[in-house]
Amino acid sequence: MVCSELLKLKRNPQGLALAALGFLFPTVVFLADRLAGERVEVSATVQPWLQTPLVVIALLGPYLLTLEPAVGTEKWIFTTPMRPAQLAAAKALAVGGVAAASFLFAAGLFGSIPSGRELIHGVLVALSSLLTMVWISGLLRNFAGVLVVSLLWMQVAPPLLQLLPAQVQPWVWSLLPGLGLTHFEDSAHNGLRVAAHAFYLLLAYGIWRRGAQW
């Protein structure tokens, strides 16, 4: 099933273009930093090696996950022994594979390969974002809608969080869905973070399980 999803990308120019955009993002940052000169430094809010996987997940994830509803073939697909939740899992694994390849590309480009806790935290951030894309895509079932909601959420959530009392912010931050917003460096709230992501996993499963009935 995962191979089938990867073949969809190979045969679809739009999917290939979205994957290429993910790979292109850190390349642009890298070249801009090199060409800007010593007086100007170009940087991003996340580590260079984590930029590409997150962009791939943000673009390619909702595209694959909403592909069947967009072309009206999901009802035909779901009449086969394949279950909607299985299909969503295969799509998520395919996106994860492309994201892993993009990580290797970005790490090689910048010559900085993380290790230890830094690598583990980066993987968890990517998994959190991918899981979030799975349930949002299953809920909205529209590529453009997922992109708009995701972009708005990433822009609005941090400022709103700053309006809360300082002692409450770490707890709320631990409950936020992914999209690059979830941070795992604060181990004091990992229990709450795990519980929240378990809920998001069940939410994704419940949404996609109902997919055949929509």
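The values are calculated or read from the model by the stated rules, or taken from the named source; none is laboratory data. Only a predicted model underlies this, so the values are computations on that prediction, with no experimental measurement involved. We place every Cβ from the backbone using ideal geometry, glycine too, and count neighbours over all the protein chains shown. Keep in mind that these areas ignore ligands, DNA and RNA; they rest on the heavy atoms of the full protein, side chains included. Shrake-Rupley method; radii C 1.70, N 1.55, O 1.52, S 1.80 Å.
Some points to look at:
- Cross-chain or 6+ apart pairs with Cβ under 9 Å, segment 162-186 first and assigned to a loop (DSSP other than H, G, I, E, B), then exposed (fewer than 11 other Cβ atoms within 10 Å of the Cβ): GLY180/THR45
Quick grid of which residues meet (1) under 23 Å from ALA20 (Cβ atoms); (2) touching a Gly at 6+ places or on another chain (Cβ under 6 Å); (3) among the polar types (S, T, N, Q):
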| site | (1), (2), (3) |
| --- | --- |
| ALA107 | yes, no, no |
| GLY111 | yes, no, no |
| GLU118 | no, no, no |
| LEU139 | no, no, no |
| GLN155 | no, no, yes |
| VAL172 | no, no, no |
| LEU192 | no, no, no |
| LEU202 | no, no, no |
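- Unique match (being at pLDDT 85 or above and within 19 Å of GLN47 (Cα to Cα)) among SER112, SER128: SER128
- Hits in segment 1-55 - residues which are open to solvent by 40 Å² or more (accessible area, probe 1.4 Å), at pLDDT 65 or above and among the charged types (D, E, K, R): LYS8, LYS10, ARG11
- Failed item in (1) within 30 Å of MET1 (Cα to Cα); (2) open to solvent by 30 Å² or more (accessible area, probe 1.4 Å), with SER102 passing the rest: (2)
- Criterion violated by ILE207 - all others in (1) more than 30 Å from LEU104 (Cα to Cα); (2) open to solvent by 50 Å² or more (accessible area, probe 1.4 Å); (3) touching a residue at least 60 places away in the same chain (Cβ under 8 Å) satisfied: (2)
- Verdict on ALA89 being within 16 Å of PHE25 (Cα to Cα) and open to solvent by 20 Å² or more (accessible area, probe 1.4 Å): no
- Every residue from segment 140-192 that is among the aromatic types (Phe, Trp, Tyr) and open to solvent by 60 Å² or more (accessible area, probe 1.4 Å): TRP153, TRP171
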